[in-house]
Amino acid sequence: MPEDSEPPYFNLRPHDFGSDFVWGVSTAAYQIEGAHDIYDKGASIWDRFVSKKGTIFQGQDGRISCDFYHRYKEDILLMKAMNISHFRFSLSWARIFPDGIGKVSEEGIAFYNRVIDFCLECAITPWITLYHWDLPQVLEEKGGWTNRDILGWFETYIKLCAERFGDRVKQWIVLNEPMVFTGAGYFLGVHAPGRKGLKNFLPAVHHAVLCQALGGRILRKTIPEASIGSTFSCSQITPFSDRSKDIRAAQKADALLNRLFIEPSLGMGYPTESVPILKRIEKYQKPEDLENSSFDFDFIGIQNYTREVVRHSYTVPYLRAKIVKATRRKVKTTLMDWEVYPPSIYAMIAKFNAYTGIKKILVTENGASFEDQVRNGEIADRARTEYLQAHLEQIHKAQNDGLKVSGYFVWTLTDNFEWAEGYRPRFGLVHVEFTSQKRTLKASGKWYGYFLGLGKELRCI
Ligand code: GCO
């Protein structure tokens, strides 16, 4: 047997993380569901964005993806076989409200009911993310996240989801990584809807902050017993050198990438002392907004994959800071060109733990894409297993050092549509051959299943 198909030795067991520790996998609707126009489903900004030339690697799209819409049973059974007891997935707003608000699609509701009910039948706890980046296109045409009316649209959407699914789903996440969907979608234009500049970014940020807290309040009211959170992308930021200019640049990047959304939600306002340009958000603020930006979340999901090294740069407007790419630093990287740097997850747990208002921290995403080799029907992805293990070791160390972290969700179950990168980066524990839709458990998936099952044989397959 080739050396790399054997899982590396790992000395931790699930119970070393505590008996209440939550173990799961995370997914997102547009990345897995396919069935992009089935029944009366409306188009989302991603349905539209992928059809623009030059936006996605090789012109790919998520029209079919891994066809989770039709194959959800097979995929949930795979989770069950791997002893995974928590499944985080998102709802497609345009599948539920084809016109953004107004008419409800009972077919869309029925699909999510099937998914939820099958999870429960398999003793898997469903975790719903309400917004993982796929705004209905009709709402984008009215300004999307830059239009303050989004507060009303979002309220209508969340209220309905809470009413229809809240009897069975008790774990709720309002937003997925607001920094990424506002930054990549409304500032850089590299994600849907492809808008650029501060005039789009700043109102989008402010409305996302307000919606995040509003979503929390609606969920609390509609499902009083629910556990409610929101998720944040975060990376340790290391200054390129100890020159004061680089240190200042790193502080600005930290404020923008790690603090911009969590701090207003804790009632601390925007980090304007580090990034003065954020003061321009005032233009979009109403007197009641400061109070309405915060919500007492039951948990915070942190999503960490790498760290960033940042240096001063005269050429970057406003921020005067830029990321030094991992490839240029000659460090070990994943296929996304992200440095493999497990201590970053420890640093982020410590950072979020230091905020007094945070009650509970879960790692709601962590994972890696590598060049997976299929040999004789086996996927020997030792690098992924090592990556996951190294991050789990850091989480365990954080717990030993008294930091609170009580869950871990791998990104992701199956290979899927990686946004602007298309299908090239594969993040799954399960390999998908996209033309036949054949699923094959990778060595990393087998390892995760053995680990969670305490070394017992995988439950079926
Ligand atoms: C996120 C992204 C995921 C990505 C994953 C890998 O929540 O971070 O939304 O959808 O696929 O992070 O890049």
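Listed by first and then second residue, the pairs with beta-carbon distance under 8 Å, at least 6 apart or on different chains, first residue in segment 280-294 and modelled with pLDDT of 95 or more, second charged (D, E, K, R), are 284/148.
Pick out the one residue from 117, 149 that is surrounded by fewer than 16 Cβ atoms within 10 Å (Cβ to Cβ), modelled with pLDDT of 95 or more, closer than 21 Å to residue 72 by Cα and more than 16 Å from the ligand (Cβ to nearest atom).
After applying the criteria, what remains is 117.
Does segment 432-442 include one or more residues that are within 19 Å of residue 391 (Cα to Cα), more than 17 Å from the chain's Cα centre (by Cα) and open to solvent by 30 Å² or more (accessible area, probe 1.4 Å)? There is no residue in segment 432-442 that is within 19 Å of residue 391 (Cα to Cα), more than 17 Å from the chain's Cα centre (by Cα) and open to solvent by 30 Å² or more (accessible area, probe 1.4 Å). Might you let me know whether segment 390-405 holds any residue that is open to solvent by less than 50 Å² (accessible area, probe 1.4 Å), within 16 Å of the ligand (Cβ to nearest atom) and in contact (Cβ under 8 Å) with a residue 12 or more places away in the chain? So far as segment 390-405 goes, yes, one or more of its residues are open to solvent by less than 50 Å² (accessible area, probe 1.4 Å), within 16 Å of the ligand (Cβ to nearest atom) and in contact (Cβ under 8 Å) with a residue 12 or more places away in the chain. Residues in segment 60-75 that are over 16 Å from residue 427 (Cβ atoms) and buried (at least 24 other Cβ atoms within 10 Å of the Cβ): 0 in all. Out of segment 292-324, which residues are open to solvent by 50 Å² or more (accessible area, probe 1.4 Å) and within 16 Å of the ligand (Cβ to nearest atom)? Correct list: 323 only.
Within segment 425-444, the set of residues being within 12 Å of the ligand (Cβ to nearest atom) and in contact (Cβ under 8 Å) with a residue 24 or more places away in the chain comprises 425, 426, 427. Within segment 40-59, not a single residue is touching a residue at least 60 places away in the same chain (Cβ under 8 Å), crowded, with 19+ Cβ neighbours inside 10 Å, part of a strand (DSSP E or B) and of a type in the set (A, V, I, L, M, F, W, C).
Being closer than 19 Å to residue 363 by Cα, among the acidic types (Asp, Glu) and under 25 Å from the mean Cα position of the chain (by Cα), is that true of even one residue in segment 260-272? Looking for residues that are closer than 19 Å to residue 363 by Cα, among the acidic types (Asp, Glu) and under 25 Å from the mean Cα position of the chain (by Cα), one finds at least one in segment 260-272, hence yes.
The values are calculated or read from the model by the stated rules, or taken from the named source; none is laboratory data. From a predicted model like this one, the values you see are computed outputs, not experimental measurements. Quick reminder, even Gly has a Cβ in these numbers, built from the backbone with ideal geometry, and neighbours come from all protein chains shown. These area figures cover heavy atoms from the full protein model, side chains too; ligands, DNA and RNA do not enter into them. Shrake-Rupley method; radii C 1.70, N 1.55, O 1.52, S 1.80 Å.
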